[in-house]
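Q: Got a structure for you, written out below as structure tokens; questions coming shortly.
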């Protein structure tokens, strides 16, 4: 079967912003089956950690060892098997990671309504902003898929994330002080939405002010081999020399790899925001296997190439 692979412009958007979002693409039959397999929470009462632990233990979601091929992670007939076999899911993953991705871990993230926290004598708060795992210096990357099996409304909080933060190597603890950043997005979305994230994107769970539980299921995976030029490269074009910079008389075409990679995020500072442009060029060189590719002279200037 021919998979619907990403285009070069899609890959440029992922390179620049660290995410790709697909609203309402998972069939409702899979959504409903997943919610049944995930199970439900008992009535409010008792410590949140205990309530959460009991619900996870009772769910039908399997434990999967790290390092398992993704194709073998979930049993036949399960909702998660059906999810990971969707052509769109497989096409995006193949484009970003190549063939035969390897499972890292998964987790059922559940944010409970205020009643649970009140019954436990506590207060509902949002999750701190963080990058997952450790300070990670790699140029290659893992992909985290966030699956929203039911509608997420604004009162339910929803995952917040800050586009373009994935190429900053930082400590998770240091990020915890930041609660709101210019340009952040919140996952208010229909049922069956998929969010594909570079593993370095800063994110956190919002506080749930609604009267129902909010669920999100995350799967992290890595490449098993070649991760480069795995998308549909039919539209991949190498620029013919450098384009004019700074003194330009007209707006550039926004639908080019160059324009996408050079589009700033609202949180970029005047000086260090330029480092993000350089990091994007480095990642694009890696993905395209083109060590001399450049835009707006960022790397050429540093390397002294004439």
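Q: Of the conditions (1) closer than 30 Å to residue 301 by Cβ; (2) outside any loop (DSSP other than H, G, I, E, B), residue 267 clears all except one; give me its number.
A: Every listed condition holds for residue 267 apart from (2).
Q: Please work out if residue 60 is outside the structural domain of residue 194 (by TED's automatic domain parsing), outside any helix (DSSP H, G or I) and loosely packed, with under 15 Cβ neighbours inside 10 Å.
A: Values: outside the structural domain of residue 194 (by TED's automatic domain parsing): no; outside any helix (DSSP H, G or I): yes; loosely packed, with under 15 Cβ neighbours inside 10 Å: yes.
Taking the combined requirement at face value, the residue does not satisfy it.
Q: How many residues are assigned to a helix (DSSP H, G or I), closer than 25 Å to residue 115 by Cβ and either out of contact with any strand residue (DSSP E or B) (no Cβ under 8 Å at 6 or more places or on another chain) or not assigned by TED's automatic domain parsing to the domain that holds residue 40 (or both) if we restrict to segment 141-185?
A: We begin by selecting, within segment 141-185, every residue assigned to a helix (DSSP H, G or I); these are 154-156, 172-175.
Okay, now just the ones that are also closer than 25 Å to residue 115 by Cβ, so 154-156.
If we keep only those that are either out of contact with any strand residue (DSSP E or B) (no Cβ under 8 Å at 6 or more places or on another chain) or not assigned by TED's automatic domain parsing to the domain that holds residue 40 (or both) too, we end up with 155.
Looking only at that region, the number is 1.
Q: Here's a check for you: in segment 137-160, which residue that is under 17 Å from the mean Cα position of the chain (by Cα) and surrounded by fewer than 16 Cβ atoms within 10 Å (Cβ to Cβ) is nearest to residue 24 (Cα to Cα)?
A: Checked segment 137-160; the qualifying residue nearest to residue 24 (Cα to Cα) is 140.
Q: Here's a follow-up. Please list, ordered by first then second residue, the pairs with beta carbon atoms under 6 Å, 6 or more apart or interchain, first in segment 164-176 and in contact (Cβ under 8 Å) with a residue 40 or more places away in the chain, second assigned to a loop (DSSP other than H, G, I, E, B).
A: Pairs found: 164/265; 165/201; 166/18; 166/200; 166/201; 172/131; 175/129; 176/128.
Q: Please count how many residues of segment 99-128 are in a helix (DSSP H, G or I) and either surrounded by fewer than 18 Cβ atoms within 10 Å (Cβ to Cβ) or without any contact (Cβ under 8 Å) to a residue 60 or more places away in the chain (or both). Full working, then the answer.
A: In the first step, residues of segment 99-128 are kept if they are in a helix (DSSP H, G or I); the result is 114-119.
Restricting the remaining residues to those that are either surrounded by fewer than 18 Cβ atoms within 10 Å (Cβ to Cβ) or without any contact (Cβ under 8 Å) to a residue 60 or more places away in the chain (or both) gives 114-115, 117-119.
Residues flagged as in a helix (DSSP H, G or I) and either surrounded by fewer than 18 Cβ atoms within 10 Å (Cβ to Cβ) or without any contact (Cβ under 8 Å) to a residue 60 or more places away in the chain (or both) within segment 99-128 amount to 5.
Q: Now a separate question. Out of 74, 52, I need the residue that is closer than 24 Å to residue 199 by Cα, over 20 Å from the mean Cα position of the chain (by Cα) and surrounded by 13 or more Cβ atoms within 10 Å (Cβ to Cβ). Which one? Outline the logic, then answer.
A: On the way: 52 fails: closer than 24 Å to residue 199 by Cα.
Just a single option satisfies the conditions, and that option is 74.
The values are calculated or read from the model by the stated rules, or taken from the named source; none is laboratory data. For clarity, every value in this text was computed on a predicted model and none was experimentally measured. So basically every Cβ, Gly included, is an ideal-geometry build from the backbone, and we count neighbours across all protein chains shown.
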